[in-house]
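The values are calculated or read from the model by the stated rules, or taken from the named source; none is laboratory data. Note that the structure is predicted; figures quoted are calculated from it, not measured. Cβ atoms come from the backbone with ideal geometry, glycine included; neighbour counts cover every protein chain shown.
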Amino acid sequence: MMELFFKPKSVAVVGASGTPGKLGYVIVKNIFDSDFAGNVYPVNPKSEEILGYKVYRSVTEIPGEVDLVVTALPTPKMTVATVQECAQKGVKAIIIESAGFAEMGGEGKVFQQQIVDIAKKNDIRVMGPNCSGIVSRDIVTSIYPIRKKVPRGNVVLIGQSGLLAAGMASDIVENESLNISKVCSFGNKCDVNENDLLEYFGNEDGIDVISMYLETISDGRGLTRIAKKVAAKKPVIFLSGGRTEAGARAAMSHTGSIASNARIVEAAARQTGMIMADDFTELKEFAKVFSTQPLPKGNRVAVITLAGSVGVNVSDLCANYGLELPKLTSETTEKLKDMFDTPVGNPVDLYFSVTKIGFTKTLETTFPNAFQDPNIDAAILILAGFEYTQEAVQKKIIQKIVQDVGKPVIVCMIVGYNKYKNIIMDEMGKELPVFPSLISGVKALSKLCEYGIRKQKLSA
Amino acid sequence: MALNEILARAKKEQRAVLTEIEAKQILTGIGINCTDTRLAASKTEAVELSETIGYPVVLKISSVDITHKSDAGGVKVNLKNRDEVEQAFDLIMESAAAKFPDANIEGVSVQAMAKPGIEIIMGMIKDASFGPVVMFGLGGVLVEVLKDVAFRIVPIDKNDAVEMIEEIKGKKLLEGYRGQDPVDIACLQDMLVKLSDFVDQTPGIEEIDMNPVFAYKDGAAVVDARIILYQ
C-alpha cells in the first residue's frame with residue numbers, strides 16, 4: 001500500500017490552481033516537471049485546464065482509477081469532504097498538505113479525527129495533514145517549487161515538519177549537496193507514521209541511508225522493533241526534536257503533541273543502532289558521509305594536515321569522540337621518510353613534503369601511503385582554501401586517491417580565501433563529505449566508525 | 001505467595017502500591033535474589049523471626065499507607081540481639097502511630113542485615129510511547145546527583161544488558177576500583193534480563209524500584225524494593 005504514495009500510476013490534485021504562485025499550482029507544476037508518466041487529474045470546480053491537464057470538478061468525476069490524491073484545500077471542512085469523496089471513488093492513498101488540524105487544537109482536532117475515521121473504515125492510508133508530501137524523481141508533491149531534477153540517489157529524508165522537509169529538499173536538489181532519492185514529510189501523521197516509512201524504506205532496494213526527523217514518537221515500542229531490524233541493514237540517522245523541557249514546550253505549540261522523554265529516546269537509539277544527529281545540518285551531513293563512504297572496520301584514523309597546530313586540535317577532538325590515531329607501520333614511515341625532515345607521525349604533517357616537492361606531488365605520494373597503511377581504517381584530510389588546493393580538486397587528484405584506496409575519508413576545510421574555498425567545497429562536496437569545521441568532520445566520522453564497528457559485531 | 005494472588009489481593013484492596021514483602025516475593029519468584037524479608041505482626045513474632053533469620057537484623061514498618069518508611073521513623077537497622085529488636089519494635093510502632101495515626105499497620109518486616117556491597121539501582125518505568133523501560137545505575141548519591149543511569153526499551157536481550165552496564169560512567173566502580181573486588185557483573189546482567197522478561201510478560205505493572213541492590217563479588221541482593229501497579 002505504501003507503494004501508492006511513491007509509485008502511483010495516477011494522481012489527482014484536489015485544490016489545484018491555474019494561478020502561478022498558488023500552492024495548488026505549484027503542486028501540479030512540480031508533478032509536471034518530475035518524471036511522473038501516469039495520469040494527472042487536477043480537481044477544481046472553476047477551472048478547465050491547468051498546464052495542459054484537463055481539470056475535473058470533483059474526485060468522483062475522474063473517469064479512470066486514481067492511485068493517489070494530493071489535497072491542498074483552504075479549509076479543513078473541505079478536506080474532510082474530499083476524503084469522503086475519495087472513499088466513494090475507491091482511492092487508497094491520500095496526502096493532505098493543508099494545515100489547520102490537530103496542530104491547531106480545538107476544532108482542528110475534531111476534523112482530523114473525522115479524516116482518521118473515514119480512512120479506517122475505507123482502508124485508506126493518509127499522509128499528513130500539515131505536511132508537504134514527497135519529493136522524488138518519480139513524483140514531486142511538495143508545496144515548494146523544485147526547479148531541478150531530483151537525483152535518483154540512495155538517501156531518503158523523512159520528517160515531521162512540512163516546511164522544513166520542503167526547504168531541505170529544495171536546498172539539496174538545487175545545490176546537489178546530497179544524493180537523495182526521496183524527501184518525505186508526514187506532518188501530523190494522523191495515519192502514516194515513521195514506523196510505516198522506516199519499514200518501507202528499510203525494505204526498499206537502492207535506499208542505502210535513511211535520515212529521520214521526529215518531534216513526537218507515535219509508537220516507541222514499534223519504532224524500537226522496526227529500527228533495530230532496519231538499522232542492522234542500513235544506517236538510520238535520527239534527529240529527535242522536543243527532547244528537553246524547553247523543546248517539549250515548543251513541540252506542543254508546533255504539532256500539538258507532547259514530546260517523549262529525552263533519555264528514553266536516546267536509549268532507544270542506542271538499543272536499535274540508530275545514529276543520533278543533534279541538528280538538521282548533522283542530519284544531512286551524516287547522511288552525506290554514510291551515503292558516499294564505505295564503512296570502516298575500526299576507529300583507527302590517519303590525520304593528514306598541512307599545519308601542526310591543526311593536527312593537535314584534531315587529535316584532541318578524535319580522543320573526545322572515540323577515534324584513535326595509531327602509529328603508522330614502519331613500512332609506511334620508511335617509504336615516507338625522505339619527504340620529511342622530522343620523524344613521520346600521525347597526524348601526518350605534510351608541510352615539509354609540500355615545501356620540498358609541492359602540494360600536488362605530495363598529495364599523490366604521501367597521502368595515499370599513509371591512507372593505505374594497514375593500521376589505518378579511515379582518514380581525515382584537512383585542506384585550506386588556496387589556489388593550489390583548487391587546482392588539485394579540479395584535477396580530481398583527491399577524489400581519485402580516495403576511490404583507489406577504498407577507505408572512508410572526510411575532508412575539513414578550515415582556512416583560506418573564499419574565492420577558492422567556496423569552489424572547492426562545492427565541487428568536492430558533490431563527491432566527498434566536506435566539512436567547514438574540524439569538530440563537525442570528526443563527529444561525523446566517529447558516527448561512521450561506530451556504525452561500522454557495530455555492524456561487524458552483528459555479523460560476527 | 002504466587003504473583004497472581006498478590007496482584008489479585010492488591011486489586012481487591014484497591015491498592016496501587018505493593019508492600020516491600022509482596023514486592024520481594026514477586027522478585028524472588030522470578031529468580032531475583034532479595035534479602036530474606038518476613039512479616040511479624042507482633043513483638044514476639046519479631047523476636048522469633050530475628051532468631052530464625054539470624055542477627056543482625058533490620059526492622060521496617062509494614063503498612064500499605066506508609067510509603068516513605070524512614071520518614072515515619074519506621075526503619076531500625078543493625079539490631080544485634082533480642083533486647084534491641086524489642087526496643088526497636090516499640091519505637092517504630094510509637095513513631096508510626098504518632099506520625100500516621102490513621103495508617104493501617106500490619107506489623108514490621110524483619111530482614112537480615114545485608115552485608116555491604118556496591119550500591120546499585122535497578123528499575124522499570126512505563127513510558128507513554130515506548131511502554132516498559134528498564135533502568136540500571138549506580139545507587140545512592142550517584143543516582144540522585146549524577147543521574148548516572150542507563151535505560152533500555154523492553155524487551156531487552158543479554159547484549160542490551162551488557163551495553164547498559166557498559167554505558168554508565170561509574171562502571172569502573174563495578175570493575176574493582178582501587179584494588180576492590182570487581183562485582184558480579186554477569187549476575188547484574190542476568191537480573192536485568194529477568195526484570196525485562198517479567199514486565200514484558202506481566203501487564204498491569206507501572207513501576208518497579210529496586211533500590212538499593214547490593215552487588216557483591218559473587219551475586220547481588222535486593223535490599224529494598226517497591227512495585228507500583230497500574231490503576
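Observations, loosely collected:
- Helices (runs of 4 or more DSSP H) wholly inside the range A:343-460 that include at least 2 residues being in contact with a Leu (Cβ under 8 Å, 6 or more places away or on another chain): A:351-357, A:359-372, A:387-394, A:397-405, A:438-459
- Note on the range A:141-166: residues that are among the hydrophobic types (A, V, I, L, M, F, W, C) and touching a residue at least 60 places away in the same chain (Cβ under 8 Å) total 6.
- Reported count of residues in the range A:44-69, each being hydrophobic (A, V, I, L, M, F, W, C), in a loop (DSSP other than H, G, I, E, B) and farther than 22 Å from A:Gly128 by Cα, is 3.
- Just one of the numbered conditions (1) within 13 Å of chain A (Cβ to nearest Cβ); (2) in contact with a Gly (Cβ under 8 Å, 6 or more places away or on another chain); (3) farther than 18 Å from B:Val222 by Cα is not true of B:Lys99: (1).
- Residue identified as farther than 26 Å from B:Ile26 by Cα and among the polar types (S, T, N, Q) among B:Gln201, B:Gln180: B:Gln180
- Options A:Leu197, A:Leu214; residue that is within 14 Å of another protein chain (Cβ to nearest Cβ) and in contact with a strand residue (DSSP E or B) (Cβ under 6 Å, 6 or more places away or on another chain): A:Leu214
- Residue within the range A:219-237 that is β-branched (Val, Ile, Thr), within 14 Å of chain B (Cβ to nearest Cβ) and free of Cβ contacts under 8 Å to residues at least 40 places away in the same chain present: yes
- The set of residues in the range B:116-162 that are over 19 Å from B:Lys194 (Cα atoms), more than 9 Å from every other protein chain (Cβ to nearest Cβ) and among the aliphatic types (A, V, I, L, M) comprises B:Ile118, B:Val141, B:Leu142, B:Val143, B:Val145, B:Leu146.
- Only one of the listed residues (A:Val434, A:Val354) is within 27 Å of A:Ala319 (Cβ to Cβ), surrounded by fewer than 23 Cβ atoms within 10 Å (Cβ to Cβ) and either more than 29 Å from the chain's Cα centre (by Cα) or modelled with pLDDT of 90 or more (or both). That residue is A:Val354.
- Hits in the range A:220-247 (condition: among the charged types (D, E, K, R), in contact with a strand residue (DSSP E or B) (Cβ under 9 Å, 6 or more places away or on another chain) and under 25 Å from A:Lys109 (Cα atoms)): A:Arg221
- Number of the condition not met by B:Asn104 [criteria: (1) buried (at least 17 other Cβ atoms within 10 Å of the Cβ); (2) more than 14 Å from chain A (Cβ to nearest Cβ); (3) farther than 25 Å from B:Glu166 by Cβ]: (1)
- Under the condition of being assigned to a strand (DSSP E or B) and out of contact with any Pro (no Cβ under 9 Å at 6 or more places or on another chain), the residues counted in the range B:119-133 number 5.
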